[in-house]
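Take a look at the structure set out below.
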2 protein chains.
Amino acid sequence: MTQLPTPSQSISGEMITIGLLGAGNVGAQVARTLVEDRELISARVGAPVRLAGVAVRDPETPRDWKVPGELLTTDAEALVDSVDLVIELIGGMEPAGALIERALARGAAVVTGNKALLASRGAELNALAAHSGGLLRYEASVGGAIPILRPIEESLSGDRITKVMGIVNGTTNYILDQMDTTGAAFGDALAEAQKLGYAEADPTADVAGHDAAAKAAILGTLAFHAPFSFDDVYCEGITEVSADDIEAAAASGYVIKLLAIAEKHSAGQAPGVVLRVHPTLLPRTHPLASVRGAFNAVFVVAENAGELMFYGQGAGGKPTSSAIMGDVVAVARTVLMKKGTGTSVPDAPSISGEAGLPALPIEKATTQYYIDMEVADREGVIAGIARVLADHHVSIESMRQPGSVTVEGEVEDSDNGARVQIVTHLASEKNLSETVQALRGLDVVKTVNSVLRVEVEK
Amino acid sequence: MTQLPTPSQSISGEMITIGLLGAGNVGAQVARTLVEDRELISARVGAPVRLAGVAVRDPETPRDWKVPGELLTTDAEALVDSVDLVIELIGGMEPAGALIERALARGAAVVTGNKALLASRGAELNALAAHSGGLLRYEASVGGAIPILRPIEESLSGDRITKVMGIVNGTTNYILDQMDTTGAAFGDALAEAQKLGYAEADPTADVAGHDAAAKAAILGTLAFHAPFSFDDVYCEGITEVSADDIEAAAASGYVIKLLAIAEKHSAGQAPGVVLRVHPTLLPRTHPLASVRGAFNAVFVVAENAGELMFYGQGAGGKPTSSAIMGDVVAVARTVLMKKGTGTSVPDAPSISGEAGLPALPIEKATTQYYIDMEVADREGVIAGIARVLADHHVSIESMRQPGSVTVEGEVEDSDNGARVQIVTHLASEKNLSETVQALRGLDVVKTVNSVLRVEVEK
């Protein structure tokens, strides 16, 4: 740890007040974060934030997280008129559209994940924000938790994007993935997705590609700095994709994915952007081909950057709330600066040491380990090794003896020696290094060839 | 295309002047962009930008792009003292450090890709920027073109990151990938990488893990809001990884990657962060496992967002210049706003319609197509189909006849019918739809089962 001075983000006296519209799956999680993690969010913003109210249709509806009763209100307009920052999570066109318009018109900041509204009225609402001095952010509208709009708008703002291509609908990706891995027909895979909650009772918006088309319009608008809408997107869903199509594609090394594509066409014709959503064959080696289940990913091609891919969870209360809260912190910082009380500009790195987290020595690491040894070819070897591990509180996830057919521990190789490869469960670096030292001391262990760390998906 | 009003980013009268330090591989590309794409960059910033000078040691050195003679200077300090925004691409500790310090001390904005400097003096330089009102951005220092620092700092600012784990050194990833795919020994793979320009004559900084360790310190600092430095990172390189290790790992379903990891440890002990770089076994199903060759990728785990991955080109003049220019546009917008003349806040979406790009109808799309047909089982069928495609200017990339053994065109199936699957080269949607119509009119074509679009890696 360096001993150099570090900037501390002092919390200014100015309070940022937040009004939340809607307390469904995502809304309840956002409310919870704003209440339970208020200190963290305030530190990240650089000023105290306060959830001033949560507008809902019916205060009695059971929710994923119990919003404190004094915060609940049914008067969304009064809430919108009284706060610095509005989070819209009602969804759909109205009343969400009118409430966002109302907030922007008075110069407030708005964070939303409303893809349908953005895809049809995005240009108009962005124009309203620009004229009134309001702010409008909507990272959560495409790709759930995946930071994709901000990288396209900001990180790539000094480059020219030529193509954006994404798996942006988890329902259809789950269905196509099931068809690919199990050979199921479309109808059966859809029924399975409905049973698991990945598809709605009326799955039209997903399987007909409408949800993906809205996201294609939003991605295309930001990538090509031109105001595209839902109506500009050619759209084919996945209802006509057969098990036979998928099997035939697989036989030729392809996988079928529903892609949302916005691509610039300029060679030998009037330049413009084609926006399209349709089932697409991808070579299995393509980075998008391995995006499985309900995950999303967006592939971006830019003139200088080349190929980029952004991958993560495309839906769900917690992932989506992460994107909403990232926008909330960003616009709150900008609101502060506009009030003239911000202590840091929005794009200054925040290295506040807020958590006071020290760097720990490697001995504190816990990970899994792979140990590769040459051992004597005699009875009881494995039992001896296993005892050493157990004595050091290191448990075995898997053991392998190349060239041996038994898994019981006795080596059947003929060359007067054998090899043992162990993958441990999570262990501390300290316990592991003591284990390896002890193994080296066993007379049945000839050499320890390699000790390597293992990272697995949790 | 919507007909709604759109915000136009008016270019303010205020000029942003830029000084570039260094004109090597990345620097020459940045100079080129600032000169040749000046209008685009000015539009994205919202004010005219001007490259005021390029400081180099020797003006006579041949460069990737010929910097106009009047821009070249050997007086870096005078350049730093005269501009709004300094781009530092000299690299190394000095004179880069002193020049950045000089720029920040006078409240200027600095964009750099200098990982070594950031990893050792990042906390100090960030503190200096915070106190002087300067700006410091360094997206290009980790992962080349991949937007990774901004997503961590901003998009995830409302979440808690628990782990960051990346393939951040292209040289070592190329070497390990070669060892994995060809069975080569470390020395041979290194020699090959050197021959191809992926590894330097003295490869120590890469193969010993020092480059990755610097990046681990930068990633950890931003992810955990605490000032870590190079010295906090445990570091093991790849020189001890043997062909036998890689083969044994492969036999168990693992691939070996050099990972830079920053992970929070809090359960049952004093909380803190372990920062480490070492060869690591990853299951082949892990999203990082399929990152091949000189590509980079960073995997991030956050409490709400879950698992995210960012993938792209980790090095090279053009990719790195994309990250530099993204930072330049972002800090230039902030500089404008601080001057009180910015027309848009930095994080307002830029939907300026700058390129005037219209949405094109699907007929203008060009892509590859997959056509699956049932055809009559008789001679001359393929010739007839091929003629129809040729007549419509659609050429064939591959053709497949499941159940047939010939590839010459004559179907040998016995069941009085056969199946033909064609993947075309790039064709226009219009030509393709006319082709399909004509194919349906052929008496040897019984049915066209499916027509699907194909996207391949370029």
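The values are calculated or read from the model by the stated rules, or taken from the named source; none is laboratory data. In this text, all values refer to a predicted model and were calculated from it rather than measured experimentally. Quick reminder, even Gly has a Cβ in these numbers, built from the backbone with ideal geometry, and neighbours come from all protein chains shown. Note: accessible area is taken over every heavy atom of the protein model, side chains too, but ligands, DNA and RNA are not part of it. Shrake-Rupley method; radii C 1.70, N 1.55, O 1.52, S 1.80 Å.
Given the criteria within 11 Å of another protein chain (Cβ to nearest Cβ) and at negative phi, does A:PHE186 qualify? Break it down stepwise before answering.
Values: within 11 Å of another protein chain (Cβ to nearest Cβ): no; at negative phi: yes.
No; evaluated as a whole, the condition is false for this residue.
Any idea which of (1) over 30 Å from B:ASP75 (Cβ atoms); (2) open to solvent by 10 Å² or more (accessible area, probe 1.4 Å) is the one B:GLY158 doesn't satisfy?
(2)
Quick test of your reading of the structure: B:PRO319 fulfils all but one of (1) at the interface with chain A (Cβ under 7 Å from one of its Cβ atoms); (2) in a helix (DSSP H, G or I); (3) farther than 22 Å from B:ASP177 by Cα; (4) not basic (Lys, Arg). Name the failing condition by number.
Single failed check for B:PRO319: (3).
Out of all the residues in region B:135-153, which are open to solvent by 10 Å² or more (accessible area, probe 1.4 Å) and free of Cβ contacts under 8 Å to residues at least 40 places away in the same chain?
none
Specify which of the listed residues (B:ALA127, B:ALA185, B:ALA119) is outside the structural domain of B:ALA249 (by TED's automatic domain parsing) and touching a residue at least 12 places away in the same chain (Cβ under 8 Å).
On the way: B:ALA127 fails: touching a residue at least 12 places away in the same chain (Cβ under 8 Å); B:ALA185 fails: outside the structural domain of B:ALA249 (by TED's automatic domain parsing).
Every option except B:ALA119 fails the conditions.
Which members of region B:371-392 meet the condition of being open to solvent by 20 Å² or more (accessible area, probe 1.4 Å) and on the phi < 0 side of the Ramachandran plot? Full working, then the answer.
Our first condition is that a residue be open to solvent by 20 Å² or more (accessible area, probe 1.4 Å); within region B:371-392, this holds for B:374, B:377-380, B:383-384, B:386-387, B:390-392.
Result: B:GLU374, B:ASP377, B:ARG378, B:GLU379, B:ALA383, B:GLY384, B:ALA386, B:ARG387, B:ALA390, B:ASP391, B:HIS392.
Check off (1) within 21 Å of the chain's Cα centre (by Cα); (2) facing chain B (nearest Cβ under 7 Å) for A:ILE148 and give me the number that stays unchecked.
(2)
For region B:275-304, name all the residues that are in a helix (DSSP H, G or I), of a type in the set (Gly, Ala, Ser) and within 7 Å of another protein chain (Cβ to nearest Cβ).
Step one: of region B:275-304, the residues in a helix (DSSP H, G or I) are B:287-290.
Add one more test, that the residue is of a type in the set (Gly, Ala, Ser), and what stays is B:289-290.
Scanning region B:275-304 gives a single hit, B:SER290.
Quick check on my filter: what residues within region A:8-45 are touching a Gly at 6+ places or on another chain (Cβ under 9 Å), within 12 Å of another protein chain (Cβ to nearest Cβ) and either surrounded by fewer than 16 Cβ atoms within 10 Å (Cβ to Cβ) or modelled with pLDDT under 90 (or both)?
A:SER8, A:GLN9, A:SER10
So, of the residues in region B:249-263 that are open to solvent by 10 Å² or more (accessible area, probe 1.4 Å) and either over 24 Å from A:THR285 (Cβ atoms) or assigned to a helix (DSSP H, G or I) (or both), which turns out to be farthest from the other protein chains (Cβ to nearest Cβ)?
My answer is B:ALA250.
Condition (residue is touching a helix residue (DSSP H, G or I) at 6+ places or on another chain (Cβ under 9 Å) and surrounded by fewer than 16 Cβ atoms within 10 Å (Cβ to Cβ)) applied to region B:111-128: is it met by at least one residue?
Taking region B:111-128 first, the residues touching a helix residue (DSSP H, G or I) at 6+ places or on another chain (Cβ under 9 Å) are B:111-126, B:128.
From the residues that got through so far, the ones that are surrounded by fewer than 16 Cβ atoms within 10 Å (Cβ to Cβ) too are none.
No; the residues of region B:111-128 include none that is touching a helix residue (DSSP H, G or I) at 6+ places or on another chain (Cβ under 9 Å) and surrounded by fewer than 16 Cβ atoms within 10 Å (Cβ to Cβ).
Looking at A:VAL329, A:VAL375, A:VAL345 in this structure, which one is modelled with pLDDT of 90 or more, facing another protein chain (nearest Cβ under 8 Å) and out of contact with any Phe, Trp or Tyr (no Cβ under 7 Å at 6 or more places or on another chain)?
Working: A:VAL375 fails: facing another protein chain (nearest Cβ under 8 Å); A:VAL345 fails: modelled with pLDDT of 90 or more.
Among A:VAL329, A:VAL375, A:VAL345, only A:VAL329 is modelled with pLDDT of 90 or more, facing another protein chain (nearest Cβ under 8 Å) and out of contact with any Phe, Trp or Tyr (no Cβ under 7 Å at 6 or more places or on another chain).
With the requirement that a residue be of a type in the set (Ser, Thr, Tyr), under 24 Å from the mean Cα position of the chain (by Cα) and at pLDDT below 95, what does region B:266-308 give you? Steps first, please.
Of the residues in region B:266-308, the ones of a type in the set (Ser, Thr, Tyr) are B:266, B:280, B:285, B:290.
Now narrow it down to the ones that are under 24 Å from the mean Cα position of the chain (by Cα): B:280, B:285, B:290.
If the condition is that a residue be of a type in the set (Ser, Thr, Tyr), under 24 Å from the mean Cα position of the chain (by Cα) and at pLDDT below 95, then B:THR285, B:SER290 are the ones that fit.
If A:TYR311 satisfies all but one of (1) at pLDDT below 95; (2) farther than 12 Å from A:VAL164 by Cα; (3) open to solvent by 10 Å² or more (accessible area, probe 1.4 Å); (4) within 27 Å of the chain's Cα centre (by Cα), what's the number of the condition it fails?
Unmet for A:TYR311, out of (1) at pLDDT below 95; (2) farther than 12 Å from A:VAL164 by Cα; (3) open to solvent by 10 Å² or more (accessible area, probe 1.4 Å); (4) within 27 Å of the chain's Cα centre (by Cα): (1).
Would you be able to say whether some residue in region B:107-124 is assigned to a helix (DSSP H, G or I), at pLDDT 95 or above and closer than 14 Å to B:ASP84 by Cα?
Among the residues of region B:107-124, not one is assigned to a helix (DSSP H, G or I), at pLDDT 95 or above and closer than 14 Å to B:ASP84 by Cα, which makes the answer no.
Restricting attention to region B:226-242, does a residue exist that is more than 7 Å from chain A (Cβ to nearest Cβ), closer than 15 Å to A:ILE362 by Cβ, within 23 Å of the chain's Cα centre (by Cα) and modelled with pLDDT of 95 or more? Steps first, please.
Looking only at region B:226-242, we keep the residues that are more than 7 Å from chain A (Cβ to nearest Cβ), and these are B:230-231, B:233, B:235-242.
After this cut, where a residue has to be closer than 15 Å to A:ILE362 by Cβ as well, the list is B:230-231, B:233, B:235-237.
Still in the running and within 23 Å of the chain's Cα centre (by Cα): none.
No, that holds for no residue.
Would you mind stating whether B:ASP180 is in contact with a helix residue (DSSP H, G or I) (Cβ under 8 Å, 6 or more places away or on another chain), open to solvent by 20 Å² or more (accessible area, probe 1.4 Å) and in contact (Cβ under 8 Å) with a residue 24 or more places away in the chain? Show your work before the answer.
Numbers: in contact with a helix residue (DSSP H, G or I) (Cβ under 8 Å, 6 or more places away or on another chain): yes; open to solvent by 20 Å² or more (accessible area, probe 1.4 Å): yes; in contact (Cβ under 8 Å) with a residue 24 or more places away in the chain: yes.
Yes: the conditions hold for B:ASP180.
Restricting to region B:73-110, what's the tally of residues that are of a type in the set (A, V, I, L, M), farther than 24 Å from B:PHE230 by Cα and open to solvent by less than 40 Å² (accessible area, probe 1.4 Å)?
8
Scan region A:38-57 residue by residue and report those that are assigned to a strand (DSSP E or B) and among the small types (Gly, Ala, Ser). Steps first, answer last, please.
At the first step, the residues of region A:38-57 found to be assigned to a strand (DSSP E or B) are A:49-55.
Within region A:38-57, A:ALA52, A:GLY53, A:ALA55 meet the criteria.
Out of the residues in region B:207-217 that are open to solvent by 10 Å² or more (accessible area, probe 1.4 Å) and in contact (Cβ under 8 Å) with a residue 60 or more places away in the chain, state the one that is nearest to B:ALA119 (Cα to Cα).
Restricting to residues being open to solvent by 10 Å² or more (accessible area, probe 1.4 Å) and in contact (Cβ under 8 Å) with a residue 60 or more places away in the chain, the top hit is B:LYS215.
Which of the residues that make up region A:264-284 are open to solvent by 10 Å² or more (accessible area, probe 1.4 Å) and in contact (Cβ under 8 Å) with a residue 24 or more places away in the chain?
A:LYS264, A:PRO283, A:ARG284 - these are the residues of region A:264-284 that are open to solvent by 10 Å² or more (accessible area, probe 1.4 Å) and in contact (Cβ under 8 Å) with a residue 24 or more places away in the chain.
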